[in-house]
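For reference, the structure is listed below as structure tokens.
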Amino acid sequence: MLDYIWLLPTLPLLGFLILILTAGNLPKRAVAIIGAGSIGLSFLVALIIALRFLGSGEEYFVKEAWVWMAVGGFDASFNFYLDGLSLTMMLIITGIGFLIHLYATGYMADDPDYSRFFSYMNLFVAAMLMLVLGDNLVVLYLGWEGVGLCSYLLIGFWYTNPENGYAARKAFVVTRVGDTSMAIGLFLLFASLGTLNIQDMLHAAETQWAVGSGLAVAVSLLLLGGAVGKSAQLPLQTWLPDAMAGPTPISALIHAATMVTAGVYLIARTHTLFEMAPSVQILVAWIGLITLLMAGFTALTQTDIKRILAYSTVSQIGYMFLGLGAGAWSAAIFHLMTHAFFKALLFLAAGTVILSLHHEQNIFNMGGKRKQLPFSFYSFLFGSLALTAFPYTSGYFSKDEILLGALEVDGVGLWLWLGGVIGAFLTSIYTFRLFFVVFFGESGGHDKEKEVGGWNMSGPLVVLMVGSLFAGYMNLPLDIIFSQGESHEEHHVSPLIHGIMIVVPLLGIGIAYLFYGTRTFSIARIMASPFAQSLHKFWFNGWGMDTLYNRLFVNPFLWLARINKNDIVDKFYCFLIELSSIANRMMVKTQTGYLRWYTLTVAAGLVFVITLGALL
Amino acid sequence: MESIPIEHGLILASILFTLGLIGVLTRRNIVFVLMSLEIMLNASGLAFIVASARWEHAEGQVMFLMILTLAAAEVAVGLGLIIQMYRRFQTVDINVLSEMKG
């Protein structure tokens, strides 16, 4: 059965081919069955494979498919590599992916481009599975670029609005910066180790490089660049909030549950390299911490329901990076899994709210919706609880492990932990701010609308609710992979630390309740001071990162483009064209139409050649 | 018997060839151009004969036979074209026929 692992990416790919080749000529029902069914089948296969694999007790499994290319010493084979890490990722991708596909069959029901939507979604899942199952960095890179392409296509799905196209291009270009760095990292790895097979490469690196050597630092920095771009971390985080221009199921699937966690996967997969470059590893932790705090503050000020969730995603991936940087590898992957559940739940619930209220996204135009949208209310309640790490929900376990892992880092551990706790505090405030504003208080409009959704929309929400609450009890088979260097499971810390980690989110919820639930405190009074207003504006614009990048990169580029409108490089090629047309005009003159002239030239040429032959 | 030196034959052939070429280049009447072409062909034929006599090889004579045949065929086609040309343009002046210029 394990041999059938190739079916996993093939089934979605087949779905994509069928949907794209029929070009929207299939009835919607058939599209839904093919689109969601291919992922469902893929999930079934993944489940069976997972059971077999765990039952066999093997450490890893390799299925050789075919050799993609072999040139000289370089060979990239298309092999599937299954171990605890790729198993976890594969189940998340197909499982959550299937739920979101199912939800999308209802959410996108009125869209004229139904078939195109599902074809891209299927292609995305296929590429994502290639990314996690490839045993070769080249195959991983193929999947990496594939998901980037699908992300671009789906953010700009409603392409008639130029803003969506702009958001799609922004996402593509910004992640490309990271991808370039990653590609250079791969070249460097191949040049120095001579193989791109992940396991061989890691072993070679371990035996050939010294800890902290220049090559290890350079390679892990370059790979980190790729991860940072894909996972929307500082300094390449600006694309994710704008990526919310895509349909909501896309935000749930690509920009919350799977693709943006590819960076976390990459670092976890190559964690040996990062362990050999301790300075880079601690940098990962700091990047995660700073990103999670910045995104937390930004989320506090947003008014668009999807942008709040987007910043929250950036912040939660920051936690994963913090975990990776602290060496708590399995905690980071654990958080990746629980985050996939509750963030997919929150996004899908937000999708239901948005669709029910006819594409209203401003939370201050909602208000008091708990009776009107009961189902979304409960989804949001459970999702928010898990997101804020409310005790004994899934998020509590994973975030706890990350923070405890961070605490154990030598030297700066307490600072990392403290930052993480402040982040958790912010998380609970902005999450419940959203929750109270949307579902409690006075109605801000949209009183007549009813909640939309059939079983295909509510079913996935129910499953995800259960997952958000109880996924924390799952035991991921990651111990073997991260066994060396893992700061080990049983954390012995004082009850005080535990107490703080439990109380802080509750405190945040309480504050959000007082401000937005009962309105005991007034936001307006805080906002009265000019300092608060400018701070609000600063945070609202994402710490001015977009403005900064516009000044630093976009405007100089546009300026260059403007002054180079006539293309200096082109001048050379235009000159070649000019030259040959001059030659052409000269040759045309010899074409007189007089026979004697032609004869004369032939004779003269002959005389010339013979003379030349005689002389030389 | 005293044989004619090969140089004499070749000089005669080149004089004939040059005369023919000059004829082709300067004549306006296409019938004369065709005749000049014949002279050139025969000049080259003469060169072959002289060479075959000098090295006592039969190939040169064979080549001359071929040139004769070729010339006959060429004249047949050429004259046919000239008649067509005259019918169509009412002239045998090749300078008039210079439509195909660049």
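Treating each Cα of segment A:191-294 as an identical point scatterer and ignoring solvent, apply the Debye formula and state log10 I(q)/I(0) at q = 0.11, 0.21 Å⁻¹. Treating every Cα as an identical point scatterer, log10 I(q)/I(0) equals -0.39, -1.05.
For A:Val462, the accessible surface of its heavy atoms amounts to roughly 70 Å² (probe 1.4 Å, protein chains only, rounded to the nearest 10).
At the residue level, B:Leu70 shows approximately 100 square angstrom of accessible surface with a 1.4 angstrom probe and all protein chains present. Using 27 Å as the Cα-Cα cut-off, could you pick out the over-long pairs in A:Lys28/A:Lys170; A:Lys306/A:Lys537; A:Lys306/A:Lys371; A:Lys170/A:Lys537; A:Lys230/A:Lys306? Among A:Lys28/A:Lys170; A:Lys306/A:Lys537; A:Lys306/A:Lys371; A:Lys170/A:Lys537; A:Lys230/A:Lys306, the Cα-Cα distance tops 27 Å for A:Lys28/A:Lys170.
With a Förster radius of 51 Å applied to the beta-carbon distance between B:Ile11 and A:Phe572, the computed FRET efficiency rounds to 0.35. Across chain A, the fraction of Cα-Cα pairs farther apart than 40 Å, rounded to a whole number, is 32%.
Each of A:Lys537, A:Lys63, A:Lys343 has its accessible area taken with a 1.4 Å probe; listed largest first, they run A:Lys537, A:Lys63, A:Lys343. Listed peptides A:388-396, A:330-338, B:82-90 appear in the order A:330-338, A:388-396, B:82-90 once ranked by packing, highest mean of other Cβ atoms within 10 Å at the front. Packing order of peptides A:430-438, A:269-277, highest average first: A:430-438, A:269-277 (average count of other Cβ atoms within 10 Å over each peptide's residues). Given R0 = 25 Å, the distance between the Cβ atoms of A:Met474 and A:Tyr60 translates into a calculated FRET efficiency of 0.80. Overall, the anisotropy analysis places segment A:72-168 in the oblate class: the square-rooted eigenvalues a ≥ b ≥ c of its C-alpha gyration tensor yield a/c not less than 1.5, with a/b not exceeding b/c.
Each peptide in A:584-593, A:190-199, A:313-322 gets a packing score, the mean of other Cβ atoms within 10 Å over its residues, and the list from highest to lowest is A:313-322, A:190-199, A:584-593. Shown in residue order for segment A:72-87 are the 3J(HN,Hα) couplings computed by the Karplus curve 6.51 cos²θ - 1.76 cosθ + 1.60 at θ = phi - 60°: x, x, 9, 9, 10, 9, 8, 10, 9, 10, 10, 9, x, 5, 5, 5 Hz (x for Gly and Pro). To the nearest 10, the accessible area of A:Glu64 is 130 Å² with a 1.4 Å probe.
Distance between the 7 Å Cα→Cβ label points at A:Met586 and A:Leu149: 4.8 nm.
Note on B:Ala72 and A:Gln199: their simple-model spin labels are 8.7 nm apart, each label 7 Å out from Cα toward Cβ. The label-point distance for A:Leu612 and A:Phe187, in a model that sets each label 7 Å from Cα toward Cβ, rounds to 4.5 nm.
Extension gain for A:Phe553-A:Asp304 works out to 87.0 nm (0.36 nm per residue, less the C-alpha to C-alpha distance). Only protein heavy atoms count here, probed at 1.4 Å, and on that basis chains B and A bury about 1000 Å² of accessible area in total. Share of chain A's accessible area from carbon and sulfur, percent, 1.4 Å? Ligands and nucleic acids excluded, carbon and sulfur give 69 percent. Compactness check for segment B:1-52: Cα Rg over 2.2 N^0.38 Å is 1.29.
Over all Cα atoms in segment A:326-409, the spread is summed up by Rg and Dmax: 15.7, 48 Å.
Accessible surface for chain A, divided over its residues, is 42 Å² per residue with a 1.4 Å probe.
Report the normalised scattering of segment A:109-209 as log10 I(q)/I(0) at q = 0.14, 0.17 Å⁻¹, calculated by the Debye formula with identical scatterers on the alpha carbons. Rounded to two decimals, the profile gives -0.64, -0.82. Computed over the alpha carbons of chain B, Rg followed by Dmax gives 17.0, 58 Å. Taking Cβ atoms as reference points and 13 Å as the exclusive limit, the residues near A:Thr388 contribute a net charge of +2, counting Lys and Arg as +1 and Asp and Glu as -1. Given R0 = 45 Å, the distance between the Cβ atoms of A:Asp110 and A:Leu2 translates into a calculated FRET efficiency of 0.60. Only Cα sites of segment A:206-357 enter the Debye sum here, all with the same form factor; the resulting log10 I(q)/I(0) across q = 0.17, 0.21 1/Å is -0.86, -1.21, listed in q order. When every Cα-Cα distance of segment A:1-97 is counted in 10 angstrom steps from zero, the calculated P(r) takes the values 15, 38, 29, 16, 3 percent. The length gained by stretching the chain between A:Val67 and A:Leu506 to full extension, at 0.36 nm per residue less their Cα-Cα distance, is 152.6 nm. Only Cα pairs under 8 Å and at least 6 apart count here; give the relative contact order of segment A:230-334 as a rounded whole percent. RCO, segment A:230-334: 34 percent. For the set B:Thr26, A:Thr427, A:Thr601, the ranking by accessible area, highest first and with no ligand, DNA or RNA atoms included, is B:Thr26, A:Thr601, A:Thr427 under a 1.4 Å probe. Over chain A, dividing the summed -39,500 (n - 2.57) contributions of all DSSP H runs of at least 4 residues by the number of residues returns a 222 nm mean residue ellipticity of -23000 deg cm²/dmol.
Considering only B:Ala13, B:Trp55, B:Asn95, whose Cα is most displaced toward the positive end of the charge dipole of chain B, charges sitting on Cβ of Lys, Arg (+1) and Asp, Glu (-1)? Farthest along the dipole direction, towards plus: B:Asn95. With Cα atoms as the point set, segment A:437-558 shows a radius of gyration and Dmax of 22.9, 59 Å. If you sort A:Glu442, A:Glu451, B:Glu59 by accessible surface, 1.4 Å probe, largest first, the order is A:Glu442, B:Glu59, A:Glu451. Kirkwood hydrodynamic radius computed over segment A:491-616 comes to 24.6 Å, based on all pairs of distinct alpha carbons.
The values are calculated or read from the model by the stated rules, or taken from the named source; none is laboratory data. Just so it is clear, the model here is predicted, and its values are computed rather than measured. Ideal geometry is used to build each Cβ from the backbone, glycine not excepted, and the neighbour counts take in all protein chains shown. We work out accessible area using only protein heavy atoms, side chains counted, and drop any ligands, DNA or RNA first. Shrake-Rupley method; radii C 1.70, N 1.55, O 1.52, S 1.80 Å.
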